[in-house]
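S.K.: Questions regarding the structure given below will be posed in turn.
The values are calculated or read from the model by the stated rules, or taken from the named source; none is laboratory data. Since this is a predicted model, take the numbers as computed values, not measurements. Glycine also receives a Cβ, built like all others from the backbone with ideal geometry; neighbour counts cover every protein chain displayed. What goes into the accessible areas is simple: the full protein's heavy atoms, side chains included, and nothing from ligands, DNA or RNA. Shrake-Rupley method; radii C 1.70, N 1.55, O 1.52, S 1.80 Å.
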Amino acid sequence: MAVNGEAVSGVRMTTELVYSKLRGPRASRVQIQVHRRGLPKPLNVTVTRERVPNNSVEVAYMVDNQTGYIKVSRFANNTYEEFKQALGDLRRQGMSRLVLDLRGNPGGYLDRATKMADEFIAGTRKIVYTDGKGDQYDTQTYSRVLGEFEEGPLVVLVDEGSASAAEVVAGALQDHDRALLVGRRTFGKGLVQQPIALNDGSELRLTIARYYTPSGRSIQKSYQGGTLSMSRNWPSVSARASISTPIAFISPTRFGIAPCTVARCMAVAVSCPTYLCPAIPRLSPSIYAVCKVAIWCASTL
């Protein structure tokens, strides 16, 4: 590769040196010459320098003529606006069902997350609440606006990297029977911390409350004796209010679907090759198969 006529070798030059050649004043131009294997001549590319966008909605496209897919990598300052635009674009393309991908999402701004959840939850329903030792730290957040996609099949993908605000969204959608969750046990990060400045310039963060899903499940993982404690058996609906484990789900579980039905859905997803779609770059065939069956479950049960 050559930048502005100067040869740059990825082997001999460091990444920092390459960056120094590519970076420059906004609106200025840089000429790049790229040598590719199999091409007889190098490619000459002129790039106008601009600020590199740091989008939190990485991907939004139609999987088929009905199913939309949105990948949200984190909850940043502009996440809600990006999500609204992506959701509106997919709706105009005919989307009637959605796969929301929160895998690897570490969280971020809570208010952006609750606004996103509000787009799916109808009426005035609790999205998340905090409970501390004193009432002064207790808060409750409710849905309040007419959402863009309050009806229609919805599947949320989560994994062990889904944390904090991402768990708030997933937990609210599941507790209100609005979405099917597919993936792995989530991270379990749900503490409210108050920063306290110390005289030496350091800072102490004191935990004052915990985040809970609408049904009363603590998002924060529970440790007993220094080890992670999690129940292997999912309790009855009446006992869920006392759960203090992450919103962990390996199968698409929801309040209105019997375990045997979920098992059948998962079995169909694994066995039926017609659900596989290798054209989706960020969804493995097995995950997409589960999503397709989960969407079917959400639309028929």
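S.K.: Go through the residues of segment 53-73 one by one and say whether even a single one is surrounded by fewer than 21 Cβ atoms within 10 Å (Cβ to Cβ), free of Cβ contacts under 8 Å to residues at least 40 places away in the same chain and over 25 Å from G152 (Cβ atoms).
M.R.: Within segment 53-73, one or more residues are surrounded by fewer than 21 Cβ atoms within 10 Å (Cβ to Cβ), free of Cβ contacts under 8 Å to residues at least 40 places away in the same chain and over 25 Å from G152 (Cβ atoms).
S.K.: Is it fair to say V145 is touching a residue at least 12 places away in the same chain (Cβ under 8 Å), within 25 Å of R91 (Cβ to Cβ) and touching a Leu at 6+ places or on another chain (Cβ under 8 Å)? Outline the logic, then answer.
M.R.: Values: touching a residue at least 12 places away in the same chain (Cβ under 8 Å): yes; within 25 Å of R91 (Cβ to Cβ): yes; touching a Leu at 6+ places or on another chain (Cβ under 8 Å): no.
It is false that V145 is touching a residue at least 12 places away in the same chain (Cβ under 8 Å), within 25 Å of R91 (Cβ to Cβ) and touching a Leu at 6+ places or on another chain (Cβ under 8 Å).
S.K.: Test L206 against the criterion of being part of a strand (DSSP E or B), at pLDDT 90 or above and loosely packed, with under 12 Cβ neighbours inside 10 Å, and give yes or no. Working first, answer last.
M.R.: Values: part of a strand (DSSP E or B): yes; at pLDDT 90 or above: yes; loosely packed, with under 12 Cβ neighbours inside 10 Å: yes.
Yes, satisfied.
S.K.: Might you check whether a residue that is within 22 Å of the chain's Cα centre (by Cα) and of a type in the set (K, R) occurs anywhere in segment 45-56?
M.R.: Scanning segment 45-56, I find no residue that is within 22 Å of the chain's Cα centre (by Cα) and of a type in the set (K, R), so the answer is no.
S.K.: Then there is this: Just for strands (runs of 3 or more DSSP E) wholly inside segment 108-192: which have at least 3 residues that are within 15 Å of the chain's Cα centre (by Cα)?
M.R.: 154-158, 180-183
S.K.: Please work out if R103 is basic (K, R), buried (at least 19 other Cβ atoms within 10 Å of the Cβ) and in a loop (DSSP other than H, G, I, E, B). Step through it out loud before you land on a result.
M.R.: Numbers: basic (K, R): yes; buried (at least 19 other Cβ atoms within 10 Å of the Cβ): yes; in a loop (DSSP other than H, G, I, E, B): yes.
The answer is yes for R103.
S.K.: Also, quick follow-up: List every residue pair whose Cβ atoms lie under 7 Å apart, where the two residues are 6 or more positions apart in sequence or sit on different chains, the first residue falls within segment 178-192 and is of a type in the set (V, I, T), and the second residue, located anywhere, is assigned to a loop (DSSP other than H, G, I, E, B).
M.R.: These pairs meet every condition: V182/P252; T186/E160; T186/S162; T186/A163; T186/P246; T186/I247; T186/A248.
S.K.: If the requirement is being among the aliphatic types (A, V, I, L, M), within 16 Å of Y211 (Cα to Cα) and touching a helix residue (DSSP H, G or I) at 6+ places or on another chain (Cβ under 6 Å), which of these qualifies: A179, A165, A170? Give the derivation first.
M.R.: Working: A179 fails: within 16 Å of Y211 (Cα to Cα); A170 fails: touching a helix residue (DSSP H, G or I) at 6+ places or on another chain (Cβ under 6 Å).
None of the others qualify; the one that does is A165.
S.K.: Please go through segment 18-43 and give me each residue that is surrounded by 11 or more Cβ atoms within 10 Å (Cβ to Cβ) and hydrophobic (A, V, I, L, M, F, W, C), ordered by number.
M.R.: V18, L22, V30, I32, V34, L43
S.K.: Ok, one more. Among the strands (runs of 3 or more DSSP E) contained in segment 15-84, which hold 1 or more residues that are farther than 30 Å from A170 by Cβ? Outline the logic, then answer.
M.R.: Details: elements: 29-34, 43-48, 57-62, 67-72.
It comes to 29-34, 43-48.
S.K.: Only one of Q194, Q220 is open to solvent by 10 Å² or more (accessible area, probe 1.4 Å) and either more than 30 Å from G123 (Cβ to Cβ) or in contact with a helix residue (DSSP H, G or I) (Cβ under 9 Å, 6 or more places away or on another chain) (or both); which? Working first, answer last.
M.R.: Working: Q220 fails: either more than 30 Å from G123 (Cβ to Cβ) or in contact with a helix residue (DSSP H, G or I) (Cβ under 9 Å, 6 or more places away or on another chain) (or both).
Only one candidate passes the filter, namely Q194.
Conditions tested, residue by residue: (1) touching a strand residue (DSSP E or B) at 6+ places or on another chain (Cβ under 8 Å); (2) not aromatic (F, W, Y).
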residue: N54; (1), (2): no, yes
residue: E58; (1), (2): yes, yes
residue: Y61; (1), (2): yes, no
residue: Q66; (1), (2): yes, yes
residue: V72; (1), (2): yes, yes
residue: K84; (1), (2): no, yes
residue: D89; (1), (2): yes, yes
residue: G94; (1), (2): yes, yes
residue: N105; (1), (2): yes, yes
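S.K.: When you look at G132, is it at positive phi, of a type outside the set (D, E, K, R) and either out of contact with any strand residue (DSSP E or B) (no Cβ under 6 Å at 6 or more places or on another chain) or open to solvent by less than 70 Å² (accessible area, probe 1.4 Å) (or both), yes or no?
M.R.: Working: at positive phi: no; of a type outside the set (D, E, K, R): yes; either out of contact with any strand residue (DSSP E or B) (no Cβ under 6 Å at 6 or more places or on another chain) or open to solvent by less than 70 Å² (accessible area, probe 1.4 Å) (or both): yes.
No.
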